[in-house]
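For reference, the structure discussed in these notes is given below.
The values are calculated or read from the model by the stated rules, or taken from the named source; none is laboratory data. Predicted, not measured: the structure shown is a model, and the values here were computed from it. Reconstructed Cβ throughout: ideal geometry from the backbone, glycine too, with neighbour counts over all protein chains shown.
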């Protein structure tokens with residue numbers, strides 16, 4: 001296989017740090033994904049690093065009190081439990097850097113047609129609280145920033161994580177220039193779902209063919225209807241049949257076909273696409289990193 005050596009990839013070394021290896025959230029997956037991409041030859045002179053972030057960068061989209069209380073570890077125990085991650089300075093460094101990585105990925109996609117972030121997809125974060133391992137919302141931040149800067153006319157957030165993108169939907173519901181679409185397992189977290197512009201709830205144990213047909217019909221229909229100037233694609237791999245939090249029955253090959261479908265459809269219509277890795281849960285941490293690399297591999301094959 002011949003890979004595109006110029007595919008822009010975005011990564012920061014602070015994305016992974018020393019963390020409980022038994023925790024449900026696999027903090028090492030970002031560094032493992034980076035190493036896997038190096039081993040596979042995806043990384044040459046095409047790597048970009050965002051600046052290290054602080055709460056100032058997020059003040060335009062998140063509640064200032066919330067993000068500064070988060071930064072200084074002033075949230076109460078209930079708020080921390082809702083997030084599901086133990087506070088640390090290293091966690092704050094990566095939490096506020098990753099949205100800048102997604103923004104840089106989107107900017108590169110507008111320039112090159114496609115770009116991939118080796119992190120991102122924190123779609124459960126709301127305006128003034130975190131949830132489901134998500135503290136700040138990189139998708140809402142990126143879309144809002146690009147629209148405010150007039151770098152994009154309108155944006156489609158196409159979220160294929162197995163969990164509904166409730167935070168993204170809630171934060172962008174009043175933004176007429178961003179369309180949110182979430183295709184997710186209906187009987188799964190979050191159990192209180194905030195309506196996206198388009199939600200497609202899937203039944204448990206859905207298999208490849210039906211899933212791919214739903215994804216294709218939704219994406220083509222939205223592109224033809226709203227003609228976005230950018231697609232932000234959340235390529236969550238927790239739809240995989242053996243994912244620890246999934247409940248769908250999508251094969252590894254189904255994941256490959258899904259990502260190829262999304263990327264090639266955007267390419268066909270001439271629409272730039274920026275990818276984030278979204279969710280994925282696996283006791284086998286290396287296998288998880290390889291799952292997350294699927295979207296990068298498919299982008300590199302374009």
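Just checking, does segment 146-158 include any residue being in a loop (DSSP other than H, G, I, E, B), in contact (Cβ under 8 Å) with a residue 60 or more places away in the chain, under 30 Å from residue 65 (Cα atoms) and out of contact with any strand residue (DSSP E or B) (no Cβ under 6 Å at 6 or more places or on another chain)? Scanning segment 146-158 turns up at least one residue that is in a loop (DSSP other than H, G, I, E, B), in contact (Cβ under 8 Å) with a residue 60 or more places away in the chain, under 30 Å from residue 65 (Cα atoms) and out of contact with any strand residue (DSSP E or B) (no Cβ under 6 Å at 6 or more places or on another chain).
For the structure I just gave you, tell me whether residue 36 is surrounded by fewer than 18 Cβ atoms within 10 Å (Cβ to Cβ) and within 23 Å of residue 262 (Cα to Cα). Full working, then the answer.
Values: surrounded by fewer than 18 Cβ atoms within 10 Å (Cβ to Cβ): no; within 23 Å of residue 262 (Cα to Cα): yes.
No.
Only one of the numbered conditions (1) under 18 Å from the mean Cα position of the chain (by Cα); (2) surrounded by 16 or more Cβ atoms within 10 Å (Cβ to Cβ) is violated by residue 127, and that is (2). For residue 75, state whether it is surrounded by fewer than 22 Cβ atoms within 10 Å (Cβ to Cβ), more than 24 Å from residue 145 (Cβ to Cβ) and touching a helix residue (DSSP H, G or I) at 6+ places or on another chain (Cβ under 7 Å). When the stated conditions are applied, residue 75 passes them. Residue under question is residue 184, and the condition is that it be over 16 Å from the mean Cα position of the chain (by Cα) and either closer than 30 Å to residue 35 by Cα or loosely packed, with under 15 Cβ neighbours inside 10 Å (or both); does it hold? No, not satisfied. Might you let me know whether segment 105-113 holds any residue that is part of a helix (DSSP H, G or I), crowded, with 23+ Cβ neighbours inside 10 Å, out of contact with any helix residue (DSSP H, G or I) (no Cβ under 9 Å at 6 or more places or on another chain) and at pLDDT 95 or above? Scanning segment 105-113 turns up at least one residue that is part of a helix (DSSP H, G or I), crowded, with 23+ Cβ neighbours inside 10 Å, out of contact with any helix residue (DSSP H, G or I) (no Cβ under 9 Å at 6 or more places or on another chain) and at pLDDT 95 or above. Residues in segment 83-93 that are buried (at least 16 other Cβ atoms within 10 Å of the Cβ) and outside any loop (DSSP other than H, G, I, E, B): 83, 91, 92, 93. Selection of segment 228-242 for residues being free of Cβ contacts under 8 Å to residues at least 60 places away in the same chain and either surrounded by fewer than 19 Cβ atoms within 10 Å (Cβ to Cβ) or part of a helix (DSSP H, G or I) (or both) yields 241, 242. Can you confirm whether residue 218 is touching a strand residue (DSSP E or B) at 6+ places or on another chain (Cβ under 9 Å), modelled with pLDDT of 95 or more and surrounded by fewer than 22 Cβ atoms within 10 Å (Cβ to Cβ)? In short, yes. Of the residues 61, 26, which single one is at pLDDT 95 or above, in contact with a helix residue (DSSP H, G or I) (Cβ under 6 Å, 6 or more places away or on another chain), within 30 Å of residue 284 (Cβ to Cβ) and part of a loop (DSSP other than H, G, I, E, B)? Being at pLDDT 95 or above, in contact with a helix residue (DSSP H, G or I) (Cβ under 6 Å, 6 or more places away or on another chain), within 30 Å of residue 284 (Cβ to Cβ) and part of a loop (DSSP other than H, G, I, E, B) holds for just one of 61, 26, which is 26.
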